[in-house]
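Report on one structure; see the data block that follows.
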Amino acid sequence: MEAIKLNQIGISFKGSGSYVPNQILTNQNISKKVDTSDEWIKSRTGISERRISGIGENVVNMGYEAALAAIEMASWDIDSIDLIILATSTPHDLFGSAPSIQAKLAAHNAVAFDLTAACSGFLFALVTASQFLKMGSYKRALVIGADQLSSYVDWNDRRSCILFGDGAGAIAIEATNEFNNFIGFDMKTDGERGSFLNLPFNNNIDSIINNIDFMNGGFSPIQMNGQEVYKFAVKEVPIILNNLFKKINYSSEDVDWLVLHQANQRILDSVGERLKIPKEKILSNLEYYGNTSAGTIPLMIDEAIRNNKIKQNDIIATSGFGAGLSWGAALIKWG
């Protein structure tokens with residue numbers, strides 16, 4: 001790596017990739033399982049279908065495919081990758097799935113670890129990776145968002161099972177001394193509202209021997225207060241984005257694309273209206289994938305790049321929000 005002074009290090013966005021499973025679960029399919037309908041789901045969420053991992057598929061497989069596509073777009077040598085961060089709340093191995101992706105890629109020079117922040121996970125991981133690069137520790141990083149929420153959904157709960165799907169996306173970023181395309185960011189957490197959306201530990205008590213009990217490992221299905229999460233998102237996301245714009249002397253008029261966590265079309269529309277960003281600048285693909293948690297933002301960015309919507313030097317405002325409760329915002333220039 002060519003020597004770069006710390007105060008001159010910037011971030012360049014070099015490539016993107018994504019992967020979704022082949023199995024498609026439509027609203028009509030779900031209506032055979034629970035009392036709902038395509039019209040009811042679509043009108044309230046904007047979702048028509050979602051992808052479900054097949055037998056043998058998991059976060060490692062999905063993250064690997066997304067990462068490989070990002071590496072190919074970036075034209076990187078695998079051995080030049082220094083850092084891999086996997087944002088996921090549904091690891092294939094609770095001790096961490098990023099090392100398995102590192103091994104599958106044969107990225108022998110990269111340190112790899114998981115980061116858990118649910119639907120904010122990708123944005124938090126992108127910020128984390130960028131700080132490693134800006135400090136001069138590493139030059140090239142892969143940031144992956146991947147989740148397999150189908151394994152943790154109660155498929156008999158019609159309030160939540162309609163929302164979630166599986167998928168992965170990845171972004172390749174690189175340190176540079178020529179410019180800085182990671183323009184600004186902000187992140188927030190409010191643990192007091194964490195009960196609105198969680199995937200809680202399953203409190204199964206067992207005994208090792210007499211008088212020595214323990215909690216048997218395992219998790220309950222996703223639990224969600226949809227109304228409270230909706231109110232949280234439509235209030236907090238415009239605030240954090242507007243505050244970020246003010247901090248870095250930008251405005252919503254400077255934004256080419258708004259890429260929000262794909263949770264609900266009504267949230268996307270409401271945030272866009274409050275920011276005075278026209279609908280044609282709000283990118284959405286949740287109609288086809290639903291909420292893939294940490295996967296939504298990179299999956300949307302990759303799709304838009306490959307469809308020639310997002311182009312070199314486009315300004316992207318993005319926000320992740322969800323369980324924790326956690327939320328964040330970033331402004332980037334693609335390229």
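Okay, here's what the table says:
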| quantity | calculated |
| --- | --- |
| Set ASN180, ASN242: member being closer than 27 Å to PHE113 by Cβ, at pLDDT 90 or above and of a type outside the set (A, V, I, L, M) | ASN180 |
| Subset of region 111-139 that is open to solvent by less than 10 Å² (accessible area, probe 1.4 Å) and in contact with a helix residue (DSSP H, G or I) (Cβ under 6 Å, 6 or more places away or on another chain) - its residue that is farthest from GLU65 (Cα to Cα) | GLY121 |
| Top-ranked residue in region 298-322 [being over 17 Å from ASN242 (Cα atoms) and either of a type in the set (Val, Ile, Thr) or crowded, with 24+ Cβ neighbours inside 10 Å (or both); ranked as modelled with the lowest pLDDT] | GLY322 |
| In region 185-222, the residues that are of a type in the set (D, E, K, R) and within 26 Å of SER160 (Cβ to Cβ) | LYS188, ASP190, GLU192, ARG193 |
| In region 68-107, the residues that are assigned to a helix (DSSP H, G or I), polar (S, T, N, Q) and more than 15 Å from GLY15 (Cα to Cα) | SER100, GLN102 |
| Strands (runs of 3 or more DSSP E) contained in region 140-244 and holding at least 1 residues surrounded by fewer than 19 Cβ atoms within 10 Å (Cβ to Cβ) | 166-176, 182-189, 204-209, 212-216 |
| Any hit, region 327-334, residues being in a loop (DSSP other than H, G, I, E, B), open to solvent by 10 Å² or more (accessible area, probe 1.4 Å) and within 17 Å of ASN181 (Cα to Cα) | yes |
| Members of region 169-200 found to be in contact with an Asp or Glu (Cβ under 7 Å, 6 or more places away or on another chain) and under 22 Å from ASP77 (Cα atoms), listed by number | GLY169 |
| Number of the condition not met by GLU65 [criteria: (1) in contact with a Phe, Trp or Tyr (Cβ under 8 Å, 6 or more places away or on another chain); (2) assigned to a loop (DSSP other than H, G, I, E, B); (3) not basic (Lys, Arg)] | (2) |
| Residues that are out of contact with any strand residue (DSSP E or B) (no Cβ under 6 Å at 6 or more places or on another chain) and within 25 Å of SER151 (Cβ to Cβ), drawn from region 298-311 | GLU303 |
| Residue check for LEU68: modelled with pLDDT of 95 or more, buried (at least 24 other Cβ atoms within 10 Å of the Cβ), touching a strand residue (DSSP E or B) at 6+ places or on another chain (Cβ under 8 Å) and among the hydrophobic types (A, V, I, L, M, F, W, C) | no |
| Test: residue in region 93-105 that is at pLDDT below 95, out of contact with any Cys (no Cβ under 8 Å at 6 or more places or on another chain), hydrophobic (A, V, I, L, M, F, W, C) and more than 21 Å from LEU25 (Cα to Cα) | yes |
| Of residues in region 5-28 being open to solvent by 60 Å² or more (accessible area, probe 1.4 Å) and part of a helix (DSSP H, G or I), the one modelled with the lowest pLDDT | LEU6 |
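Let's see how each residue does on (1) touching a Cys at 6+ places or on another chain (Cβ under 8 Å); (2) open to solvent by 60 Å² or more (accessible area, probe 1.4 Å); (3) modelled with pLDDT of 95 or more:
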site	(1), (2), (3)
ALA3	no, yes, no
LYS33	yes, yes, no
THR36	no, no, no
ARG50	no, no, yes
VAL59	no, no, yes
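The values are calculated or read from the model by the stated rules, or taken from the named source; none is laboratory data. This one's a predicted model, so the numbers in the text were calculated from it and none came from an experiment. Counting neighbours? That spans all protein chains shown, and the Cβs are built from the backbone with ideal geometry, glycine included. What goes into the accessible areas is simple: the full protein's heavy atoms, side chains included, and nothing from ligands, DNA or RNA. Shrake-Rupley method; radii C 1.70, N 1.55, O 1.52, S 1.80 Å.
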